[in-house]
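So the structure is just underneath, and the comments pick up after that.
The values are calculated or read from the model by the stated rules, or taken from the named source; none is laboratory data. Computed from a prediction, not measured in an experiment: that's the story for all the values here. Here the Cβ positions follow ideal geometry from the backbone for every residue, glycine too, while neighbour counts run over all protein chains shown. Just the protein is used for accessible areas: all its heavy atoms, side chains included, with ligands, DNA and RNA removed. Shrake-Rupley method; radii C 1.70, N 1.55, O 1.52, S 1.80 Å.
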Amino acid sequence: MQFLSSIQCDEPVPPSILSFPSMMSKDEKSLLYWLARSYYRGEGAIVDAGLFLGASTEAFSIGLKNNPSAYAAVRDGLKKPIHAYDIAIWAGAGFDKYLEQPETQRALNGATFKEGDNYFPVLQRLLEPHLDLIDFRIGDIVKLARADGPIEIAFYDCLKNYERDLAAFNALVPHYIPGHTVVIQQDYFFEAALENKIRQEFLSPYFSFLGAVDTSGVFRLEREIPTEYFKEDPVKWLSVDDQVRLLKNAAARVPFSKVSLYTELSVVALLIQHNRIDEADAYLAGIEKVIAETEKLPLRPGIVAASMRKLIEVRVK
Ligand SMILES: C[S@@+](CC[C@H](N)C(=O)[O-])C[C@H]1O[C@@H](n2cnc3c(N)ncnc32)[C@H](O)[C@@H]1O
């Protein structure tokens, strides 16, 4: 990714970032570190939305501290620069498997959680060295999303439905800086978070695509978004055909790989959602054929495709 090499220095990414428990890859955590370390100017906020245990926050905080001019600009200010959003309620279906990872066990000292537990105290403990930089916004981002000034970097890993995506768009995007604000959509090259991809692709005349790191898509706002888009959602009434076209555009941003297949599978998910089962069936059959014919592909694209095949079969019965 050319943009990433433009902000990377020779120094290594601090090990505490790479070993922080997370659903993200080491490369994704490194991207966030480099953005705060080399790109952030200290003139606005870093939106950090979707923390789980705080890996993104750790990466942004250390990056900022290793960025002398930006750190000097924010250190003595009244506002904390990292706006960290999470609902912080344990959701076993998505979270429990991470309890088995050695880095999670080390960080949590063997603590475990039950469905519905509030884990904000743990987040605070894990991020204790950086509390001077973090403005926690704990609760539903739909209610809490707000900007107190310009936003330089926006990382999203919780906009998994229309309501959350729209709330973040209306509250935060008007505060992006044309020509500067970088947006990281962590769920971009993935089969879920459809609305978020559809909106980002719809807005492509205003953004440039800087590249992909694993499932993260990285964009920069290049020109002002029309203000009427914040009054009436331009995405809400798009036809299903238009939404399909936008999801295919998202998939085409990356070369053929497991992540392009995940994004292609999001088209199938959308068609199933809209009960267009014959089209979903045909599109999935094309993906299944490609998966079957590709050597050395990891297992996951086939697993996701098989789960979508089951959904289609249930609808057909
Ligand atoms: C995929 S996880 C984030 C993973 C994290 N970025 C990491 O590196 O491990 C999604 C996060 O969104 C949070 N979340 C879910 N619903 C939310 C909501 N309505 N508002 C804010 N955060 C929410 C979850 O608690 C969870 O931590």
- Message: Take Glu191 and tell me if it is crowded, with 22+ Cβ neighbours inside 10 Å and either without any contact (Cβ under 8 Å) to a residue 24 or more places away in the chain or assigned to a strand (DSSP E or B) (or both).
- Response: no
- Taking the residues in the range 159-178 that are among the aromatic types (Phe, Trp, Tyr) and assigned to a helix (DSSP H, G or I) as candidates, determine which candidate is surrounded by the most Cβ atoms within 10 Å (Cβ to Cβ). Phe169
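So that you can scan it fast, the table gives a plain yes or no per residue for (1) of a type in the set (A, V, I, L, M, F, W, C); (2) on the phi > 0 side of the Ramachandran plot; (3) under 24 Å from the mean Cα position of the chain (by Cα):
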| residue | (1), (2), (3) |
| --- | --- |
| Ser239 | no, no, no |
| Asp242 | no, no, yes |
| Val259 | yes, no, yes |
| Thr263 | no, no, yes |
| Asn275 | no, yes, no |
| Asp281 | no, no, no |
| Lys310 | no, no, no |
| Arg315 | no, no, no |
- Item | From Arg41, Arg75, residue being under 24 Å from Pro178 (Cβ atoms) and either of a type in the set (Lys, Arg) or touching a His at 6+ places or on another chain (Cβ under 6 Å) (or both) | Arg41
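Yes or no, residue by residue, for (1) more than 27 Å from Ala147 (Cβ to Cβ); (2) acidic (Asp, Glu); (3) in contact with a Gly (Cβ under 8 Å, 6 or more places away or on another chain):
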position: Ile177; (1), (2), (3): no, no, yes
position: Glu228; (1), (2), (3): no, yes, no
position: Asp242; (1), (2), (3): yes, yes, no
position: Pro255; (1), (2), (3): yes, no, no
position: Lys258; (1), (2), (3): yes, no, no
position: Arg276; (1), (2), (3): yes, no, no
- Note on the structure: Checked against (1) β-branched (Val, Ile, Thr); (2) surrounded by 17 or more Cβ atoms within 10 Å (Cβ to Cβ); (3) out of contact with any Asp or Glu (no Cβ under 9 Å at 6 or more places or on another chain), Ile277 satisfies every condition except (2)
- Query: How do the helices (runs of 4 or more DSSP H) wholly within the range 1-109 filter down when requiring 3 or more residues that are within 16 Å of the ligand (Cβ to nearest atom) and crowded, with 17+ Cβ neighbours inside 10 Å: which remain?
  - Reply: 26-34, 55-65, 102-108
- Among the numbered criteria (1) under 14 Å from Gly50 (Cα atoms); (2) open to solvent by less than 50 Å² (accessible area, probe 1.4 Å), which single criterion is violated by Ile138? (2)
- Between a first residue in the range 142-159 that is assigned by TED's automatic domain parsing to the domain that holds Leu35 and among the β-branched types (Val, Ile, Thr) and a second residue that is modelled with pLDDT of 95 or more and part of a loop (DSSP other than H, G, I, E, B), which pairs have beta carbons less than 8 Å apart while being 6 or more apart in sequence or on different chains? Ile151/Gly44; Ile151/Ile177; Ile151/Thr181; Ile153/Tyr40; Ile153/Thr181
- Query: Restricting the first residue to the range 294-307 and requiring it to be outside the structural domain of Phe189 (by TED's automatic domain parsing), which pairs with a second residue that is in a loop (DSSP other than H, G, I, E, B) and open to solvent by less than 40 Å² (accessible area, probe 1.4 Å) meet a Cβ separation below 6 Å and a spacing of at least six or different chains?
  - Reply: Val304/Glu191
